[in-house]
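Structure first, commentary second.
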Amino acid sequence: MIFKSISAGFLAVALALPAAASPKAPHGSYTTAMSDSVTAKAVKVLANGNSSCRQLPPAYQIDCYRQFYRRAASELSRYPDYKDGRKALKMVESTLNAALKQYRDRSAAPLRSGGQTFKAIKPEGLSPAAQAFRRARADAVTILLRSQGPIKVHYERIAEVVDSAKVIIRSGLMTLRRFI
């Protein structure tokens, strides 16, 4: 009888522990909820990236966008409900990383701006890198907008900012074409 009481007590305590105390949640880092504040953080990072990156010389913009997409994906990484959104942003970041590796201009000095360092890509790599960025963004927007359920509203806000970068990239390419 005492054993059953103790067992029931341990079970009650175990069930009452927060998910953050679970050994599967490293350092209590996972939270399972969608929230306007989490979405707003990711949107703010991407919007700041759009604003900051377009002010840089075109050769450094790809690395700039790569870093901001990585940061936005990182904002979502602690929230399992945002898993698909994080994957979509990481896909864009991976595409930009591949373009940077393929077209990196090692003869150009890194650019420091706003406490960050950006690597340049070669002039002949600007157009293919921008096209890859455009395709990756379109794919990310598709993934985000196809979501279902309560997360849909949050992903629509993120998709809006991801999609807004296309105007910025096109205007940057037009400026670049004048110099080539």
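The criterion of at least 3 residues that are in contact with a Lys or Arg (Cβ under 8 Å, 6 or more places away or on another chain) and more than 17 Å from residue 164 (Cα to Cα) is met, among helices (runs of 4 or more DSSP H) falling completely within the range 33-113, by 58-76, 83-103. Restricting the first member to the range 72-87 and to residues that are closer than 14 Å to residue 151 by Cα and in the same structural domain as residue 153 (by TED's automatic domain parsing), and the second to residues that are hydroxyl-bearing (Ser, Thr, Tyr) and assigned to a helix (DSSP H, G or I), the beta-carbon pairs closer than 8 Å and six or more apart or on different chains are 76/82; 84/155; 85/155. Any idea which residue in the range 107-121 is surrounded by the most Cβ atoms within 10 Å (Cβ to Cβ), counting only those that are without any contact (Cβ under 8 Å) to a residue 24 or more places away in the chain and not β-branched (Val, Ile, Thr)? The selected residue is 110.
Somewhere in the range 110-131, is a residue touching a His at 6+ places or on another chain (Cβ under 6 Å), within 22 Å of residue 159 (Cα to Cα) and of a type in the set (S, T, N, Q)? Within the range 110-131, none of the residues are touching a His at 6+ places or on another chain (Cβ under 6 Å), within 22 Å of residue 159 (Cα to Cα) and of a type in the set (S, T, N, Q).
Quick one: would you say residue 90 is modelled with pLDDT of 95 or more and either outside the structural domain of residue 162 (by TED's automatic domain parsing) or loosely packed, with under 15 Cβ neighbours inside 10 Å (or both)? So residue 90 fails the test.
Here is a yes/no grid of residues against (1) in a helix (DSSP H, G or I); (2) surrounded by fewer than 22 Cβ atoms within 10 Å (Cβ to Cβ); (3) more than 13 Å from the chain's Cα centre (by Cα):
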position: 127; (1), (2), (3): yes, yes, yes
position: 138; (1), (2), (3): yes, yes, yes
position: 144; (1), (2), (3): yes, no, no
position: 148; (1), (2), (3): no, yes, yes
position: 156; (1), (2), (3): yes, yes, yes
position: 164; (1), (2), (3): yes, yes, yes
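The values are calculated or read from the model by the stated rules, or taken from the named source; none is laboratory data. For clarity, every value in this text was computed on a predicted model and none was experimentally measured. Note that each Cβ is placed from the backbone with ideal geometry, even for glycine, and that neighbours are counted across all protein chains shown.
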